[in-house]
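Any read-out appearing in this document is the output of simple, stated calculations on the displayed coordinates, not a laboratory observation. What you see is a predicted model, and the numbers here were worked out from it, not measured in a lab. No Cβ is skipped: glycine too gets one built from the backbone with ideal geometry, and neighbour counts run over all protein chains shown.
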Amino acid sequence: MWQIAAGYEDANDANTLRHDPIFKVLLGRLPESGPPLASQPTMSRFENRVSRTELYRLARVFVDQFIASYDRVPTLIVLDFDDTEDPAHGEQEQVRYDGYYGGYCFLPLHLYEGLSGRLITTIFKAKRFSGTQMLAVLKRLVKHLRYAWPDTLIVCRGDSHFAYPEVMQWIEAQTNLHYVTGLTSNNVLQKLAHEVIEQAKRAYARDGGKVTRFHSTRYQAGTWSCQRRVVIKVEVSVQGVNTRFVVTDLEQAGTKVLYRQLYCARGQAENEIKDHKRYLKSDRTSCHRFAANQFRLFLHSAAYVLLETLRRDVFQGTPWARATMETIQLRLLKLGARVQEFTDRIKISPASSCPVAPVLRRSLTLLACVRLT
């Protein structure tokens, strides 16, 4: 986990980092006289020995960590669900061809809290969940959250492929649990939006600038058990007409507020996935066994939690509080320093002209206060 957080995602990197004095100190060994850490073969054997039962327990640990990250019970949390492409590395277990991405890949599910960016869990999977599978995941998660926060308002948010009828019907039967998801366009929805589109076109022809209109209507798909509220957004500009649909059980929220401030805010999850996938290299799931790749994804998720907590709690009030994890790695973690081992202490001395010395000094002071409390 430390290795991934510092920007070394491959098990092969352990062959040299096993002698690194800082990594040895982090794991409770003396930097010079202490024995070396695990090498690549040991890492690979470790990844492949984890059982399904242990993976489930680790998944619960991530949710427990998420709950423990709050000082007080939150009034509202938003569950952002999103899939992302994870290209396959050869003939791995359960690998599939995906027509949308045009290649063999996995589609891990990422789940973040939408208001804070905290990671809740990640699930390695070969294809998109069915409605039954997604409902099973949501039921377990909500049950675990409700045990700690029985009165917290929970809103589930996702793109159009998360508009599962089974999930929506179950959510509507719960207390303080709601959903806002995209909805794929079809001929019926386009007819419902026709009048709004024509109004927007006339306003654009009259005024010449970009025109946006919102409308709320009722709609029932063939697989739905009842009519549901659908919010329509129509945008007319020089690029043409852009129509979007959102389905929700939030009946009282205004159309513009619901679309712009609640649904569109799910775009922030893309930045969390970018940190997780691009900067922490979480798509480096190259083991043959499916379970081993889920474990590797958990290791990257643990590194994400570490850096996200550092950024949110320790770097608060500094320019690094909104930095990407790549920036934190390059500017704050990969620093040159002299490590000296004495009989009674270990001394770590960065360069006298270290440009981030004030940030390091402040961060270490905060961490020392946390340890004392």
Worksheet, complete the sentence: Per the charge dipole of the stretch 72-314 (beta-carbon charges, Lys/Arg positive, Asp/Glu negative, Cα centre), the residue among L141, Y112, H178 reaching farthest to the positive end is H178
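For the stretch 98-224, what is the percent of antiparallel DSSP beta bridges, rounded to the nearest 5? Can you show the working numbers first?
Details: 5 of 10 bridges.
In the stretch 98-224, DSSP labels about 50 percent of beta bridges as antiparallel.
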Worksheet, complete the sentence: Computed for the stretch 1-85: size of charge dipole around the Cα centre, +1 on C-beta of each Lys and Arg, -1 on C-beta of each Asp and Glu, debye to nearest 20, value 560
Item to complete: With a Förster radius of 30 Å, plug the Cβ-Cβ distance of V188 and E251 into 1/(1 + (r/R0)^6) and report the FRET value to the nearest 0.05.
Response: 0.90
Worksheet item: Size of the dipole of the stretch 87-234 about the Cα centre, Lys and Arg at +1 and Asp and Glu at -1 on the beta carbon, nothing else charged, in debye to 20?
Response: 380
Fill in: H89, H194 arranged by Cβ crowding within 10 Å, fewest neighbours leading
H194, H89
Worksheet item: In terms of Cα to Cα distance under 18 Å, which aspartates and glutamates are near enough to K334, apart from those fewer than 8 places away along the same chain?
Response: E9, D10, D13, D20, D275, E308, E326
Discussion item. Can you tell me which of V230, V305, V61 moves the most in a GNM of the chain? Springs connect C-alpha atoms under 10 Å apart.
Written reply: V61
Response to the item:
Quick calc, the chain, dipole around Cα centre from Cβ unit charges on Lys, Arg (+) and Asp, Glu (-), nearest 20 debye, gives 440
Worksheet item: So what is the relative contact order of the stretch 4-87, in percent, for Cα pairs below 8 Å that sit 6 or more residues apart?
Response: 21
Practice prompt. Could you work out the relative contact order of the stretch 224-358, using alpha carbon pairs under 8 angstrom and six or more residues apart, expressed as a whole percent?
Written response: 12
Worksheet item: Which angle between 0 and 90 degrees, to the nearest 10, do you get for helix 194-207 versus the longest principal axis of the chain when only C-alpha atoms count?
Response: 80
Fill in: Relative contact order computed over the chain (Cα-Cα under 8 Å; 6+ residues apart), in percent
18
Practice prompt. In whole angstrom, note down how far apart the Cα centers of the stretch 339-354 and the stretch 179-256 are.
Written response: 62
Worksheet item: Say we join alpha carbon atoms closer than 10 Å with springs in a Gaussian network model of the chain; which of K334, K233, K277 then has the biggest fluctuation?
Response: K334
Worksheet, complete the sentence: Among R157, R244, R362, the residue with the largest mean-square fluctuation in a Gaussian network model of the chain built from Cα contacts under 10 Å is R362
Worksheet item: What per residue convex hull volume, in Å³, comes out for the stretch 72-314 when only alpha-carbon positions are used?
Response: 157
Worksheet item: So how much slack lies between C226 and E32, counting 0.36 nm per residue of separation and subtracting their Cα-Cα distance, in nm?
Response: 63.0 nm
